[in-house]
Each structure stands twice: as C-alpha cells, then as structure tokens.
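The values are calculated or read from the model by the stated rules, or taken from the named source; none is laboratory data. Model, not experiment: these values are computed from the prediction. Here the Cβ is made from the backbone with ideal geometry for all residues, glycine too, and neighbour counts use every protein chain on show.
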Amino acid sequence: MTRITNIRWMPVLFLLPSVLCYLLFKYYPLLSMVRVSFFRYSIVNPPGKFIGLANYTEFLSSSTFWQAVSNTFVFFALYLGLTFWIPIVQALLLSDIRKANAFFRFMYQLPTIMPAVAGVLVWKWMYNPDYGLLNYWLQFFGLGPYMWLNDLNITKLAIVLPAVFAGNGISLLLYYSAIKSIPTEILEAAKVDGASPWRRMWTMLLPNIRFIIVIQFIAFMSGVLLAYDNIYVMTQGGPAGSTTVVSMLVVNTAFQQSRFGISGAMSLFMFFVIALLTVLQNKISAEKD
Amino acid sequence: MKKKIRMSAASVLLLSIALTTAACGGNNGNGNASGNASPSTNAAPESSAAASASESPGASAQAEPVEIVVWDKPSADAADKAFKEEAFAAFEAKYPNIKVIHVEQTKEKEREQFMTAVAGGEQPDLYKNPYPDMESYIAQGIAADITDLWNGFEGKDGYLPSSLNAATVDGKIYGVPNDMYVTGLLYNKQMFADAGLDPAASLKDWDSFGAAAQKMTDASKGTYGYAILGMDWADWFFEYYVWQAGGDLTEKQPDGTAKLTFTSDATIQALQYYKDLKFKYKATQKNVVQSLDDNQKDFYTGRAASMIAGSDWIGGLVAKGMDLNNIGFSALPVGPSGKAPSQVGGSYWILNPKSSPEKQQAAFTYATYITSKAYLESVLQYNKDNGMFPNLLSVRTDVDVTDFVDGLPAEVVSGVQSAAKDTHLEYFLKARLSPYIVKPIQQALLNENTDLKAVLQTAQDLAQKEVIDKYNEEVKKIKEIGILSKRESRCYSRGERTL
Amino acid sequence: MKRTRMAEKGQRSLTFTAYAVTILFTVFSLVPVLWMVSSAFKSDKDIDAYPPKWIPQIPQSIRVTLDYSGLGPMERADYEKDAMEATWFPWMKNIRENIGEVRITGIRDGKMIFQAFMASSSFRAGQPSIVPSTLFTDQLMDRKLPMIREKKLSKFTWYGDGGGDVSDRKGVAESELSSRFADFYGSSEIVQGKVATIEEKQAWIRLFDSFISVNKIAMNAAGPLGFTKYFINSAIVTLSSVAIQLLLGGIGRLYARSSDHEQKVAVLLDYVFFWRRL
C-alpha cells in the first residue's frame, strides 16, 4: 500500500520544477495569446471588447499580411537553398582533411565569437552602395556596383548572404561528430570494394548522417520561419515592405499600431503553420524509415 | 530510515523549485533601472540658484513621500549630463517628499519601448511624447486627462497658448508642453562656396535647389547635394513637399472624420520631385534607406551638402565637430504653390492615467518644474556657457531666447526665427497612417520606373480600408452617442422623461 | 615492411577540393571579424574613409611648446588654464583626426615652467562634458577646469623656477595636423602662449586608447567596475541558466536511470551533495 503511494508522487515531484517552468514560460503566454486574439485588446483597460473572430477575418483578408507570408516563405526558400546544405558540405570535406584538422575546426568556430548584431551591422556597412567594402571589391572583378539593400530585387538575398559564411559553427560540429561516429569498418569495407573517395562520400557518409540532418532541418525550419533579429537590424522590414516577415509584422502591429489582438491572431496562425509543417516533416521521415 | 530519506528528498526538491522560481523571477525584474544619479560637486552656482526659484504648485502641502518614475535620464555621453544631474538634485532638495526615479530611454525605438512598458502595466508616471503620437495615445487613453490639474495651476499663463494645441482634444488637456522645434534646411556653407553657388539663389525653389544639389554631387570626392530621408520615417520630411505643392496627405473634415489625399495632385507632384532628386538630378545619397543617424553623419562629415533638420539639432551636429560658422539654416525651397511652411513639432510630458492621484500630482509638479521659466532659463544659460547651440524656440511666453544667443551666428538665429513664422502641424492621423504612405515613397525612390499614381492609389486604398474606414466609424459612433445624450438631456429638462 | 599508401583514384581531387573549399569559407567568414577588430583601432576619419582602410594608422603624439616670454606676470593656475585651453580646444576642432595624445611644454625665458599631457582615452571620455561644441570662450575653461582636475583627465606638472633649460628650436612640423594646430593657436586669442615648436611623433601605445576610453565611459554609466560590470551581468545570467538546466535535467534523468526507488533517492542526494562520485 505504502509502496504504491510512494511510487506515484515521487516522479511527479522530480519532474515538477521543469514542468512548472515550462508551463509558466511557454504555455501560459501561448494560451494568453489565444485569449487576446479574440478581443480588440486595450492595453489601458485589458482585455477590451470581445469581437470573436473579427481579428482573424481582418488579417486573413489583408494584403499586407499575405505579402508578409510570401516574404517569409521566400526567405525560407533562400535560406534552404543557400545556407542549409553548407555545413553539411563543410563537414564532409573537413572529415577528409588530415593536416591541421583541429585548426580548421577552430577557424570555423571563430565567427561565432562575434556578437550577432555587430556582425549584421558590419555587413550593413559593407553593403553601402557609396563606400561599402563589397562594391569596392566587386569592381576589381568588373562586376557593377550593386545597390544591395536599396534594390527591391536583391534585398532578400542581401539579408541571407551573411548566413552563408558565418553562423554555421554549431551545425558544422554536429555534422562532423556524426560523420566521425560512423563505424570505420563500413568505410574500410567500401574502400576494399573499390569505391572511390568521392563515391564513398556520397553513398556512405551522407546517408549515415541522415538522422542528424532531419533533426537539424526541423530546428532550421522553425528558426527561419520565425527569424526576426537579423532582418530587423539590417532593414527594419525593408524598403517598401519587401523584407517584412510575419514575425516583424506581428511586432509592428503590436507595438507601433498598438493592436495587440490582431497581432496575437497572426502569431497563432504562424504557430499552426509551423506545427503543420513539423507534423508533415515527421510523417515523411517516418515513412522513409 | 526510509522516511528520513523521503523527507530529505522532498526538501531537496522544494529547494530546487524555489531556486528555479527565484532565478526565473530575478532575471525579469530589470525593467526599471533605478538611476538616481549622485549630484556633481562642481556645480555651476548660477544654475542651482536659478533652478530653486521655481513656479511649481505648492507641493510642500504634500507631506507623504511619493515615488514617481520619469523617463528622462541622460545617456552616459550626453553633453548636458552634469547639468541634468544637478537639476535632479535641486528638485529633490526643493521637494524632499517626491522621490523621482530617472530611467533612460532608447533612441529611435522609444515608442516601442514605451508601448512595451504600457502593455506590461509599467507605464512611467511621466513620458516625453512627441506631437504626432499625442492623437493616438489620447484616443487609447494612454495619456491622462490633466485638465483639472492644469486649470488649478497658477503658472499656466506662462505657456504659449499655441504650444497646447496638439495636446488638447475636445477642450481637455492631456500633456504639459515641454519643447518645440521648427524644421528647415540645414546646409554646409563651405560646400556651396566651393561649387560657386549662392545659397540664397540656390534655395529659392524646387528647380534651383535641384540644380544646385546636382552641382554639388561629385562621385569622385564622395559628396552629394541633399541627404534624403527614405527609411521608415520617410513621410516625416515628405509631407513638407506635399505642403509646398499646395496640399496635404490627409484632410480633417469639419465633422471630425478623415479624408485621404494620397492621390491628390499635390502629393503626386511632391513624389515626382522626390523621384527627380534621386534619378534626374542624381543629387541624393545612393543609400536612400539609410538611418537618420547616417544622414546626420554624412552631413557633419562633409559628405552631404544639405539636409532637412529640426532647429534643435544644430547643437548635436556641432558637438560632433562641425564648425558652427559653416552651418546655414533656411526655410525650405518653395514649391509650386509658392509656399514652404515649416513643420512645428515638439513634445509633451504625459502622465499615467492609472497612477494614484498623489503620484499624478507629484508628476505634474515635476513636469511643471522642468518647464518653468527659471529652469528653462538655466538651461539656456548652461548652453550659452558651454558653447552649445540652444533650441531657439520656447514653449513659454516669458522666456526670450534672444537674450542667450551672444556669440552665435546671427544668420542661423534669424533663419530659425523666420522659419518659425509660417508653421504647420504634421498631417492628421500621421501615427496611424505612416507605414502606408512610406511604402510608395520608398518605391518611388528605389525604382525609376515606378508608376507614381498607381502606387499612391494602392497605398490609399489599403489605408482607407484598414485605418480610415474604422476611424471614421468610431468618430461617427461617438458623435451619435453625444447627440443622443444631448437629446436625452433636453428631454429630461423639458420634463418629457423621468429618471 | 614499408607501408605504402595506396594512391586512390580521386583521392587527390577530393583532398584538393577539401582544402580549397575550407580555406575559402574560413577566409570569407573572417572578413567581418577582421574588419571589426581593425576598426577598433582606427580614428573616426579612417573608419569612414573610402577606399576602405584595413590597417589602422598609428596615432600621432602632438608636442607643442608654448613660449610665455614677454607676457605679464602669471600664476600657476593661469598657466594651467592656458595649457588646458591649448590642449582641449584644438583637439575638439580636430575631433575626427588620428590624435593619440597632446603634450604641451610651457617655457619662459629659456626655462621650462610646466608640462601638460593628455591621452586620447581621457579626451574621448571627457569631451561631451568639457568641450561639447566648438564655441570656445575664455570663461569656458574657468568652469571646466575643476572638472578636469577632479576626474584627472589631464596631467599638469609644474616646475616653476626650477625647470631645466630648453633648446632654442623653432618651427612647426610639416604635417597637416600640426599646421592645423598652429593655425588654431595663431588665430585664437584665448591661448596666451606663443607657439615655439610643434612636433609630431608616432605614439604606438595610444592604439589601445579606444578600449581604455570605452571603459572610462562605461565607468561613468555603470559604476566603478566599468566594463567589467557588463561582463559580470552576462556571466551571472549565463551561469545561472546553465546551473538551472543542469539541475532540472539532471534530476529527471537520474530518476529515470535508477531502478528502485530507494536507490533513486540515494542517487539524487549524491548528485546534489556530491557524497559519492557519480
């Protein structure tokens, strides 16, 4: 009898601190946000007037919102196409470097010591059409001066470009350690069978780190779809709204226009979109296994 | 034995829960940095003597200590930091029962910081709110109604009546005037001289200005004629050009509703001029969306020959090393309408409607203290003593700034004063409409092939749907309630209805 | 038997690609970091220079000798005020230039009477309050001298009658900065001493003054610890969040790992109080 009561409350107590923190800092704001999204929220007299689904119909019929959604997904595509596979390639090639391997691993980590905002500001300066570094260097290759953040067509690309070179430190280490943990017997066997080094990389290394890649992709997806900091510092939502992503629209609607209800509704929309994508992602990878 | 272990295990768990919540809670309390600075001992004797002769309402009647939060702490590298700290100490000495906690606010993002504080229930007791935000804050109930406090205040006649305009809605007053400025064109005299241009002739009208700016743009030297504002505050300076073309971006109708005039001829002409400055005269910086700070930097480093500025920016530019004798200030070049009104702006101290009456009274005392004749004169004296260019406009009728301008270039002073003669408030509902009008301005500046009428029409339709229709509905509703209650009260007085 | 490495087909190209790509990425990713480091040492003018300058220039030490011979009687305080005016005012006029330090030597009738020194870190820290603009008046320094003395921004060494002899050199160094200083002294009536010489030398040690000035400004804002206070704040936040996560995670994990409940409690107590090594 005593044993049953012991077992029941012990695990609860052990888990209580972390569960409490999680509820307080993750779930409570989420549920508040759901509640707020049904009101025309007044910050002086919360919660304000109950308006049901009016917030939802409003933003869903607003072209500003859909442009922000399109911007978000364009960014997602750009980040995916330009930055996701880079640490994988870097790790694969790094595993083939014998001399000074540790040195190169260290050098890859070096950009992460720079504060992210400082890095973005340096890039912003480099993008200056009048006296920036990039145009100065490109002119030696005969490439015309680009307007970078002043050109509506290449602003998004300009924001993604810094991430191509920096910010890959942690992912690189994850992939590299995954590659190193592949049992050498398989690799030796492949070598004996006559597979060339390139072929080995394609058929042996890459498939074996698939699990890590999937995990990274989930984190990457939600990170990019909700990205705010670097876009904000670089362009504050961009010329003519071309780099306003949904998270930025949410913040602007809330703090510049003081419309907290509708921004809560938009956040909830993003929440469902990302949840849906994650579920789809899990289903696809589960099927493959 | 088992029981003992269970008890210690339980206490350990409780300890860890306590630690967790303490650490989680502790990190969240950094909102209001208490920064009541210690007074500097090397006080300029005049300033503390002057500051103590204040006209604030008798707060000595309050015996209870009261604490208020004011967002006016100077930044660490502010030129007047020592002066402000002395002033804070002088106020404390005069009103020992009012404890003021000074908090520093950010630059360029102060609105967001303020809204966050309001949303979190931590609105400061006093916040310096610029003119354009007054309308929306009053409508939301963020600025407290201080009509009674104001009417009971003996010193109220010392303030310029026009300085209360932007804070008065339906006869009620919502803020204490703090400062005013006018905008005009700031230009670099040396650069004009180097290009062989006479400022008076070049700054006459749109055409002459465009040609002059083009002449001063030299890619090899890295200089250009006019620093245009294209970042997300672009409408702030763009509205002046619409006025110069004879119109405005919005019109307030007699019944209180708003009408958008984004597609009026005046607006289209103004946007065409903006486009011409960039693409036809090629007289602006290439990075049209750079921040206001960068525009100012281009000006004081001698890259930009001219830029629009407020009359109270001159001191800041001089502090960065620009030679005061090299700065000129004039009204903007006139547009097709033959006029170039200056925009008058400024700020008010707004109180927190949710504070207790004692706190509101204390905050009102502080606000009127730092806008009193004695204090403002001590500020002007400090600026004069330290060679800082003062704000040439004052919100008070009993302060004459010209007493404090010895040693300043006379033409700058007269330039500001003449600009102050024809003034215009910013366009109606600016705070709500800003993002909508900024977009077509940026499109015009970034893409030479923009169809101006089309982008302005799109912006107008969007703003109409998302902002104006709702605003007009609200206004009509309030009016109906007003009419209804008037009708009801008439019925009551005629005896047709009983309570 | 000697071990020979079997040369595989494609190994060379792979290794070459690996090195090339890795080196390329590391170099490009370091450009912003290197620019940040190099800008930390540059003067304002150099940061905005076009074409971009990578290598910071050595800050200059400007050494001015002012001759007071033939002027009316002056006290030590007068000389000090004059020295401060001769240091702060022309420096403020040239605030964006690459000035590392300014040394003023006062001489009178062939004898050295004082020496004054100020480093650029002190100038940067004190400039907003001492010389907020380029409007200089004679009364300005009267007001500011006590502040300079209190914060020890400039060093003033008085020799009085006991100073050593000085050589009779005359002349202004031929650089732009020196001539600007000379112009200021010539055109301004505020500084009483007459310029005897202006020399310009390189002051290597002043390269690091930008860091010292940041710390001085931080001391004004954050208290006597200066910049270290911000580091301490970050450290507290980082360490406490790491500690909390270890604690919370560890509790749950250890509970899951041990099988019977007495053992679980013992393991937990070990974990918390380190009775036995885990």
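Only one of the listed residues (C:84, C:92) is at pLDDT 90 or above, within 14 Å of another protein chain (Cβ to nearest Cβ), closer than 30 Å to residue C:191 by Cα and under 28 Å from the mean Cα position of the chain (by Cα). That residue is C:92. Within segment B:339-391, the residues that satisfy the criterion of being under 25 Å from residue B:95 (Cα atoms) and among the small types (Gly, Ala, Ser) are B:347, B:355, B:356, B:362, B:363, B:367, B:372, B:374, B:378.
Can you say whether residue B:298 is assigned to a loop (DSSP other than H, G, I, E, B), under 30 Å from residue B:388 (Cβ atoms), touching a Phe, Trp or Tyr at 6+ places or on another chain (Cβ under 9 Å) and assigned by TED's automatic domain parsing to the domain that holds residue B:447, as far as the supplied structure shows? No. Remark: residue A:34 matches the filter, which requires a residue to be farther than 21 Å from residue A:157 by Cα and touching a residue at least 12 places away in the same chain (Cβ under 8 Å).
Matching residues to (1) within 24 Å of residue B:303 (Cβ to Cβ); (2) in contact (Cβ under 8 Å) with a residue 12 or more places away in the chain; (3) of a type in the set (S, T, N, Q):
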| site | (1), (2), (3) |
| --- | --- |
| B:173 | no, yes, no |
| B:179 | no, yes, no |
| B:188 | yes, yes, yes |
| B:198 | yes, no, no |
| B:209 | yes, yes, no |
| B:233 | yes, yes, no |
| B:239 | no, yes, no |
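Those helices (runs of 4 or more DSSP H) of segment B:310-393 in which 2 or more residues are farther than 30 Å from residue A:44 by Cα and away from chain C (no Cβ under 14 Å) occupy B:373-385. Looking across segment B:84-131, the residues that are buried (at least 19 other Cβ atoms within 10 Å of the Cβ), of a type in the set (Ser, Thr, Tyr) and not in a loop (DSSP other than H, G, I, E, B) come down to B:127, B:131. Only a single criterion out of (1) over 21 Å from residue C:182 (Cα atoms); (2) in contact with a Leu (Cβ under 7 Å, 6 or more places away or on another chain); (3) of a type in the set (Val, Ile, Thr) is not satisfied by residue C:104, namely (1).
Given the structure, is residue C:90 assigned to a loop (DSSP other than H, G, I, E, B) and farther than 30 Å from residue A:97 by Cβ? The answer is no for residue C:90. The set of residues from segment B:194-213 being in a helix (DSSP H, G or I) and either crowded, with 18+ Cβ neighbours inside 10 Å or touching a helix residue (DSSP H, G or I) at 6+ places or on another chain (Cβ under 8 Å) (or both) comprises B:199, B:201, B:202, B:206, B:208, B:209, B:210, B:211, B:212, B:213. Contact map, segment A:68-91: first residue in contact (Cβ under 8 Å) with a residue 60 or more places away in the chain, second residue surrounded by fewer than 18 Cβ atoms within 10 Å (Cβ to Cβ) and assigned to a loop (DSSP other than H, G, I, E, B), Cβ cut-off under 9 Å, separation 6 or more or different chains; pairs are A:72/A:226. Inside segment A:249-264, residues that are in a helix (DSSP H, G or I), touching a residue at least 24 places away in the same chain (Cβ under 8 Å) and within 11 Å of another protein chain (Cβ to nearest Cβ) make up a count of 3. Restricting attention to segment B:153-171, which residues are acidic (Asp, Glu) and either assigned to a strand (DSSP E or B) or not assigned by TED's automatic domain parsing to the domain that holds residue B:371 (or both)? None - no residue of segment B:153-171 is acidic (Asp, Glu) and either assigned to a strand (DSSP E or B) or not assigned by TED's automatic domain parsing to the domain that holds residue B:371 (or both), so the list stays empty.
Taken together, the residues in segment A:83-124 that are assigned to a loop (DSSP other than H, G, I, E, B), facing another protein chain (nearest Cβ under 10 Å), under 23 Å from residue A:210 (Cα atoms) and not β-branched (Val, Ile, Thr) amount to 2.
Filtered by the rule that a residue be in contact with a Ser or Thr (Cβ under 8 Å, 6 or more places away or on another chain) and at the interface with chain B (Cβ under 7 Å from one of its Cβ atoms), segment C:116-145 gives a lone residue, C:136.
The residue list A:174, A:157, A:187, A:143 contains one member that is away from chain B (no Cβ under 13 Å), in contact with a helix residue (DSSP H, G or I) (Cβ under 7 Å, 6 or more places away or on another chain), over 26 Å from residue A:223 (Cβ atoms) and of a type outside the set (D, E, K, R), which is A:187. Among the conditions (1) within 14 Å of chain A (Cβ to nearest Cβ); (2) crowded, with 22+ Cβ neighbours inside 10 Å; (3) of a type in the set (Gly, Ala, Ser), residue C:49 misses just one, which is (2). The set of residues from segment B:407-416 being surrounded by fewer than 16 Cβ atoms within 10 Å (Cβ to Cβ) and either within 18 Å of residue B:244 (Cα to Cα) or touching a helix residue (DSSP H, G or I) at 6+ places or on another chain (Cβ under 9 Å) (or both) comprises just one member, B:407. Among (1) closer than 21 Å to residue B:310 by Cα; (2) touching a Phe, Trp or Tyr at 6+ places or on another chain (Cβ under 7 Å); (3) surrounded by fewer than 23 Cβ atoms within 10 Å (Cβ to Cβ), which single condition is residue B:227 missing? So the condition that residue B:227 fails would be (3). Please determine, by comparing only the residues of segment A:156-181 that are under 30 Å from residue A:75 (Cβ atoms) and outside any helix (DSSP H, G or I), which one is modelled with the lowest pLDDT. Restricting to residues being under 30 Å from residue A:75 (Cβ atoms) and outside any helix (DSSP H, G or I), the top hit is A:167.
Could you give me the residue pairs with C-beta distances under 9 Å whose first residue belongs to segment A:118-145 and is closer than 20 Å to residue B:218 by Cβ, whose second residue is part of a helix (DSSP H, G or I) and among the basic types (Lys, Arg) wherever it lies, and which are 6+ apart or on separate chains? Listed pairs, sorted by first residue: A:132/A:124.
Taking interchain pairs and intrachain pairs at least six residues apart, which have beta carbon atoms under 9 angstrom, with the first residue in segment B:399-427 and under 14 Å from residue B:345 (Cα atoms) and without any contact (Cβ under 8 Å) to a residue 24 or more places away in the chain and the second assigned to a strand (DSSP E or B) and not hydrophobic (A, V, I, L, M, F, W, C)? Every condition considered, the pairs that remain are B:421/B:342. Among residues of segment C:193-207 that are surrounded by 17 or more Cβ atoms within 10 Å (Cβ to Cβ), those with a beta-carbon under 6 Å from a residue that is assigned to a strand (DSSP E or B) and polar (S, T, N, Q) at least six positions away or on a different chain give the pairs C:196/C:65; C:197/C:65; C:200/C:60; C:203/C:61. In segment A:159-183, of all residues being within 16 Å of residue A:92 (Cβ to Cβ) and without any contact (Cβ under 8 Å) to a residue 24 or more places away in the chain, the one that is surrounded by the most Cβ atoms within 10 Å (Cβ to Cβ) corresponds to A:177.
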